[in-house]
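Take a look at the structure set out below.
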Amino acid sequence: MRVYDIITKTRDGLELSREEIRFLIDGYTKGQIPDYQMAAWCMAVYFQGLSPQATAELTMAMVDSGEVLTWPELGDQLVDKHSTGGVGDKTTLVLLPWVAAAGVRIAKMSGRGLGHTGGTLDKLSSIPGFRFDLTRAEFLQTVAKAGLAIVGQTGNLVPADKKLYALRDVTATVDSIPLIASSIMSKKIAAGASRIVLDVKTGSGAFMEELPKAKLLAETMVDIGAKTGRRTTALVTNMDQPLGVAVGNALEVREAIETLQGNGPEDLTELCLALGAEMLVQAEKVDTPQEGRRLLLEVMDKGLPLQKFRAMVEAQGGDARVIEEPELLPQAPVCSDVTAVGSGYVTRIHTKRIGLIAMELGAGRQRIEDDIDLSAGLEVFVKVGDEIQAGQLIAKVYGPTTEAVKKAAQKIEASVEIEEHPAKPLSLILARVSR
Ligand code: URA
């Protein structure tokens, strides 16, 4: 077998066999295939795409490039959730305790954030003492005791993706649906997920800005799930405005706690209900998403999701007093209000800009080795369609210095467009893809 022939076939839109795909991924992971040939292959995929079968084969070849975790202790039916990343997306912090409260055991591996979207581990780092570096035994004990645990990713999972993603990043081939779909799904499968619920974000704050492409990505991932025996459902959801109010680590934890108390922003609560209902169907707790919603509302009425969150925080060494005393979370030294200059309606929120403003304040990292400021961030109190009066509070900025906060406040003002004509509120859930 020759790499040259595989590149030629891909370039010409011909079907690749399982053996050819495995030869390519194995050879690249082991350093036997040079970057220039792999880059040419990625570019061929970028222009020609890959068939659904080849995309599924690619995913499994990537899974088998490294360690594959199994969880027989959890009955081998691990339900996992993945978001493609958004601004203010603290869904995992609310959704997982909520689903656990409905009786599904959750063992979650999460990552740190990069760029304008945050990571769950960064957010949870704001809780003093919270540990992610649990051993496998501790992880399983926590799941058994608290019903859920969230840890950092360990082990050598999908080394092919690490190498390939770095190569795609510098060869303008990140933006290819089969490559993105196989990259995301390989990591979920290698972590041991057998049932997967995906939140594919679209809009100005999302990685996949256009709805048709986001739908195609969702369909491709659901198809990979079907072809590899991992039942997968995807919701395509709106990221044309921040999710909830808070953007920034400690601020988002505070909002997640309020949501677990039943007092969270409407959009965040609604998204958690929709994703949670799908997780309950996947876990075979209920037959339909409608039943799932009812069960989630029932457990919320009894205050169980917050109990699960508290149990997880305590079991992972965190200071659970933050639930009653959020001032124990990191607090920014400087805070400033942003008010509307004129009256009218919010017609547009430049969501990626909002994410970048939070990042510049210190809430996110540009490079993986950067430190972050857990207390920094912002709160955006308005949504598209809201009627606004001049002088009304539209946002708050939290940061390390007066200068940084002032600069951020000016940028936020320019990121929320207020015009005279009314605008329609945005729909949150734009599509559901299932098999
Ligand atoms: N996120 C991933 O994990 N992989 C991609 O290729 C793109 C986004």
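For the stretch 382-435, GluC sites (Glu not before Pro) are listed when DSSP marks them as loop and at most 16 other Cβ atoms sit within 10 Å of their Cβ; the list is Glu420. Fully extending the segment from Glu15 to Thr402 would add 133.4 nm, taking 0.36 nm per residue of separation and subtracting the current Cα-Cα distance.
Kindly identify the stretch 72-324 as rounded, prolate or oblate by the Cα gyration tensor criterion: order the square roots of the eigenvalues as a ≥ b ≥ c, call it rounded if a/c is under 1.5, otherwise compare a/b with b/c, prolate if a/b is larger, else oblate. The shape class here is rounded. For Ser83, nonlocal amide neighbours, meaning residues 5 or more places apart or on other chains whose placed amide H falls under 5 Å from its own, are Asp199.
Rounded if a/c is under 1.5, else prolate if a/b is larger than b/c, else oblate: which is the stretch 9-138, with a ≥ b ≥ c the root eigenvalues of its Cα gyration tensor? Taking the square roots of the gyration eigenvalues as a ≥ b ≥ c, the stretch 9-138 is prolate. Using θ = phi - 60° in the Karplus curve 6.51 cos²θ - 1.76 cosθ + 1.60, the 3J(HN,Hα) couplings for the stretch 223-228 round to 5, 4, x, 4, 6, 10 Hz; x is entered for Gly and Pro. In terms of other Cβ atoms within 10 Å, Arg230, Arg367 run from fewest to most in the order Arg367, Arg230.
Under 11 Å from the 7 Å Cα→Cβ point of Gln48, by amide nitrogen: which residues of the stretch 10-24? Correct set: 10-17. Helices in the chain, meaning DSSP H runs of at least 4 residues, each add -39500 (n - 2.57). Divided by all residues, the mean residue ellipticity at 222 nm is -13500 deg cm²/dmol. Multiplying the residue separation of Ala137 and Lys30 by 0.36 nm and removing their Cα-Cα distance gives an extension gain of 35.4 nm. Less than 5 angstrom separates the built amide H of Val334 from those of Gly399, all sequence-distant by 5 or more or on a different chain. What are the lysines whose alpha-carbon lies under 28 Å from the alpha-carbon of Lys411, with same-chain residues fewer than 8 places away excluded? Of all the lysines, those that pass the test against Lys411 - Cα under 28 Å, at least 8 places apart if same chain - are Lys90, Lys123, Lys201, Lys352, Lys383, Lys396, Lys424. Applying 1/(1 + (r/R0)^6) with r as the Cβ-Cβ distance of Asp287 and Leu211 and R0 = 30 angstrom yields a FRET efficiency of 0.55. Among the trypsin sites (Lys or Arg not before Pro) in the stretch 1-80, those placed in a DSSP loop whose Cβ has at most 14 other Cβ atoms within 10 Å are Arg2, Lys30. A straight Cα-to-Cα reach below 14 Å connects Lys227 with the aspartates and glutamates Glu57, Glu219, residues fewer than 8 places away in its own chain not being considered.
Here the Karplus relation 6.51 cos²θ - 1.76 cosθ + 1.60, evaluated at θ = phi - 60°, turns the backbone of the stretch 422-435 into coupling constants of x, 10, 6, x, 8, 6, 8, 9, 9, 6, 10, 10, 8, 10 Hz, with x for every Gly and Pro.
Approximating the spin labels as points 7 Å out from Cα along Cα→Cβ, the Ser427-to-Met1 distance works out to 4.4 nm. Rounded to the nearest 5, the antiparallel percentage of DSSP beta bridges internal to the chain is 55%. So, in nm, how far is label Glu73 from label Ala226 when the simple model puts each one 7 Å beyond its Cα toward the Cβ? For Glu73 paired with Ala226, the spin-label model returns 3.6 nm. Could you list the residues of the stretch 122-144 with an amide nitrogen less than 20 Å from a label point located 7 Å from the Cα of Glu327 in the Cα-to-C-beta direction? Under 20 Å, as judged by backbone N against the label point of Glu327, lie 126-129 of the stretch 122-144. When each of Cys42, Cys335, Cys272 is scored by the number of other beta-carbon atoms lying within 10 Å, the sequence from fewest to most is Cys335, Cys42, Cys272. In this simple spin-label model, placing a label point 7 Å from the Cα along the Cα-to-Cβ direction at both Val341 and Asp371 gives a separation of 3.6 nm.
When you filter the GluC sites (Glu not before Pro) in the stretch 216-324 for DSSP loop state and at most 16 other Cβ atoms inside 10 Å of their Cβ, you are left with Glu284, Glu324. Considering only Ile368, Ser126, Gln331, the residue lying farthest towards the positive end of the dipole of the chain is Ile368, judged by Cα position with unit charges set on Cβ. Neighbour counting of Cβ atoms within 10 Å sorts the residues Phe381, Phe207, Phe47, fewest neighbours leading, into Phe47, Phe381, Phe207. Overall size of the chain from C-alpha positions, given as principal axis extents largest first: 68, 48, 40 Å. Across the stretch 129-139, computed HN-Hα scalar couplings (Karplus, 6.51 cos²θ - 1.76 cosθ + 1.60, θ = phi - 60°) run x, 4, 10, 10, 8, 6, 6, 4, 5, 5, 4 Hz from first to last residue, x flagging Gly and Pro.
Any read-out appearing in this document is the output of simple, stated calculations on the displayed coordinates, not a laboratory observation. All figures in this text were calculated on a predicted structure; none of them were measured in a lab. All Cβ positions, glycine included, derive from the backbone under ideal geometry; neighbour counts span all protein chains shown.
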